[in-house]
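I have placed the structure first, in the form of structure tokens, so that the comments after it can refer back to it.
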Amino acid sequence: MWLRCTSRRLLTPFNRALKHGRLNASSWSGKVAAVMPEAAGFQGVTDRATLQEFSHAHSDSFWAAMANHRLTWTSAYDTVQDCDLRRGKVKWFVGGKLNVSVNCLDRHVLTCPDRVALIWERDEPGAEVKVTYRELLEMTCRLGNLLRRRGVKKGDCVTIYISDALAERIRDANSSTVITVNQGVRGGKMIDLKKTVDAAVDTCPNVRQVFVAMRTETPVVMKDRDVAMEEEMAHEEAVCEPAAMDSEDVLFMLYTSGSTGKPKGLVHTQAGYLLYASLTHKYVFDYHDGDVFGCVADIGWITGHSYCVYGPLANGATTVLFESTPIYPDPGRYWETVQRLQINQFYGAPTAIRLLLKYGDQWVHKYDRSSLKTLGSVGEPINTEAWEWYHKVVGDGRCPIVDTWWQTETGGICIAPRPSDPDAEIVPGMAMRPFFGIKPVLVDNELTSKSASGALCIAQPWPGMARTIHNNHQRFIETYCQPFPGYFFTGDGASRTEEGYYQITGRLDDVINVSGHRIGTAEIEDNHCSAVAESAVIGYTHDIKGQGVYAFVVLKKEADITEPELRQQLKDSVSKSIAKYASPDYIQIAQRLPKTRSGKIMRRVLRNVVERDLEGLGDLSTLDDPTAVQEIIQGHQALAKIATRIKT
């Protein structure tokens, strides 16, 4: 959460970079300086390539110049970075103090108080709500005063409800305060969020208060711990004295899935994250003052954090918060919104693009999209067919597409086609170029870092990266720092062309990417009914979602349940405990699962069967019983025939 600060002293731009040297204005190309004025004076920099080299070779000077140009500091930092990837140690702008809300709100109120900061695009078209920077600052102050009066202190963790797997997150974060709404609205449907919060909080004795906002007029039962948020905020002052926060104080924790099944609370801190979100928002999307930025991602996803809220607001932008779905009330919803709100940069997921492609061009052509300047893609690699449709139909062949690669762990975009260079070549369906300060390497099984394909790692720390996993720094080290010592391991595979362009090839672990949502297989497998003895979940290629969920289950011998009942129970269980998008598309009942002699389920084999790559099964000699594979193949073929009949 944001806490308010007391001082608004702005450090002179570039003074820290001057202190660290490597600045020489006479060597700077005027053309490049016009593109990225923060870097004015870097010695020997004449184009994007030399700027990238400078950001690697003189990391402190580069990031110091960025930090002093883009952020408002309460007090200066002593050290640009104190990092050691081998030990999982990541600290940036050590000793400095600032406040995120001052950077995102106060300083813009001084220069453009009546500029629209947020456009809340509600579920019903044409019902948008516009909030100016002045109004948003007053709202933030009232909420800050209310939380303070109710005992929330600097350093406390406040949970904002956005996930059905809520109780475990609350307990892990040791949160005593929850903020939610009575109901969510999406695609014309009401979701009873308050009921879910009540059920979760009942199992979390540490929670002492729940703030409830009213999204709809539907009344809810208010318990003793509940606080009517809007009513209480109305009694608060519209001025709240800000609090100076250390650069490395926690800004937020965002939970994401891992292959172990236990979700991990990734920690992002104040200064480094805000700087990186601001910088990438500006240069990846070619944002200019006065543009309307439309990121249609879920606000609770890292994309929503970085490119609906922190990045755009730090840059004084007008940002759209999209509440609905791509096809409500019809498949033209995105493009009607673009026309009505005059959106300039549109950032969405390949899942949605693939879905809308199937509805035809007429829903796009119905609306005026001439305001669009840049189209973005996020969540998973976009296939060539969808890329071409997005570019030619949605963008009329004139809007560049930035296919971005990044993760919750990276905090912001790390690889994209056009960081700062409007004339750079773009290859369809390829992330292409690392952002400034990002040094990717591809490491093979022999730990060679000069390969043309392999595990995607990052060789140098950067300010936006996550600092730790809450309450489990050892897991952070083991997950990201130990697989390839000295590098940050992303968990993805990639290839690199002769031109140096990067192509993301997919996950290297057992995490499934459904419509941009990363879900650990073990987290889904934990949701089974009493009739199930064991299960294994894999991801398979899905035309719309990128990946879908395919589950194999082995029933207990005494199980007395029909197949339709089993499937419904499992789907309901996953939908309730995680989310509906994690629910399996296919559930195959098996007599046994292929395992190694040590008992490890061979998900690679299951994935090959589902993808119909039987030639890729490889050596099965390590299996405890290789005949189990043939049973799996036969069961899959039978299930595929049933699915085909249903579709036809």
Check your understanding: Expressed in nm to one decimal, what extension gain is obtained for the pair residue 228 and residue 87 from 0.36 nm per residue of sequence separation less their Cα-Cα distance?
Key -> 46.3 nm
Study note, to complete from the structure: Taking the convex hull of the alpha-carbon atoms of the chain and averaging its shadow over every direction gives an area in square nanometres of 29.5 nm²
Check your understanding: Over the chain, what is the relative contact order in whole percent, taking alpha-carbon pairs under 8 Å and six or more residues apart?
Key -> 12 percent
**Study point:** For the chain, accessible area per residue (1.4 Å probe, heavy atoms of protein chains only), Å²
**Key:** 41 Å²
Revision key, fill the gap. The rounded separation in angstrom of the Cα centers of the stretch 528-577 and the stretch 181-225 is 29 Å
**Study point:** Length added when fully stretched, residue 529-residue 444, from 0.36 nm per residue minus Cα-Cα
**Key:** 26.5 nm
Exercise for review: Could you grab the relative contact order for the stretch 419-558? Cα pairs under 8 Å, six or more apart, rounded to a whole percent.
Suggested key: 17 percent
Revision key, fill the gap. Of all DSSP beta bridges with both partners in the chain, the antiparallel percent, nearest 5, is 60 percent
Practice item. Could you please state, rounded to a whole Å, how far the C-alpha centre of the stretch 491-512 is from the C-alpha centre of the stretch 242-315? Key: 23 Å
Point to revise | Normalised contact order of the stretch 492-648, rounded percent, pairs of Cα under 8 Å and 6 or more residues apart | key: 17 percent
Point to revise | For the chain, size of Cβ-based charge dipole, Lys and Arg +1, Asp and Glu -1, in debye | key: 800 debye
Point to revise | Linear extension gain, residue 383 paired with residue 192, 0.36 nm per residue minus alpha-carbon span | key: 65.2 nm
Revision key, fill the gap. Taking Lys and Arg as +1 and Asp and Glu as -1, residues besides residue 455 with C-beta under 10 Å from its C-beta add up to -2
Check your understanding: Based on the Cβ-Cβ distance of residue 112 and residue 541, what FRET efficiency does E = 1/(1 + (r/R0)^6) give at R0 = 41 Å, to the nearest 0.05?
Key -> 0.30
Practice item. Starting from one equal scatterer on each C-alpha and no solvent at all, send me the Debye-based log10 I(q)/I(0) for the stretch 351-478 at q = 0.11, 0.14, 0.22 Å⁻¹, two decimals. Key: -0.51, -0.76, -1.31
Practice item. Any of 130/282; 97/223; 366/571; 366/641; 154/194 with alpha carbons more than 31 Å apart? Name them for me. Key: 97/223; 366/571; 366/641
Review point. R0 = 41 Å: FRET efficiency of residue 366 with residue 556, Cβ-based, nearest 0.05?
Key: 0.15
Check your understanding: What is the Cα radius of gyration of the stretch 459-570 over 2.2 N^0.38 Å, N being its residue count?
Key -> 1.42
Practice item. At 7 Å along the Cα-to-beta-carbon direction for both residue 213 and residue 471, put a label point, then send me their distance in nm to one decimal. Key: 2.7 nm
Review point. How would 66, 229 line up by accessible area, probe 1.4 Å, largest first?
Key: 229, 66
Point to revise | Accessible surface of the stretch 548-607, 1.4 Å probe, proportion on carbon and sulfur as whole % | key: 49 percent
**Study point:** Local net charge near residue 428, Cβ-Cβ under 14 Å (Lys/Arg +1, Asp/Glu -1)
**Key:** -2
Revision key, fill the gap. Only helices counted: for the chain, with every DSSP H run of 4 or more residues adding -39500 (n - 2.57) and the sum spread over all residues, [θ] at 222 nm is -7500 deg cm²/dmol
Practice item. Note down the net charge around residue 515, summing +1 for each Lys or Arg and -1 for each Asp or Glu among other residues with Cβ under 9 Å from its Cβ. Key: 0
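The values are calculated or read from the model by the stated rules, or taken from the named source; none is laboratory data. Predicted, not measured: the structure shown is a model, and the values here were computed from it. Counting neighbours? That spans all protein chains shown, and the Cβs are built from the backbone with ideal geometry, glycine included. Calculation scope for accessible area: heavy atoms of the full protein, side chains included, ligands and nucleic acids excluded. Shrake-Rupley method; radii C 1.70, N 1.55, O 1.52, S 1.80 Å.
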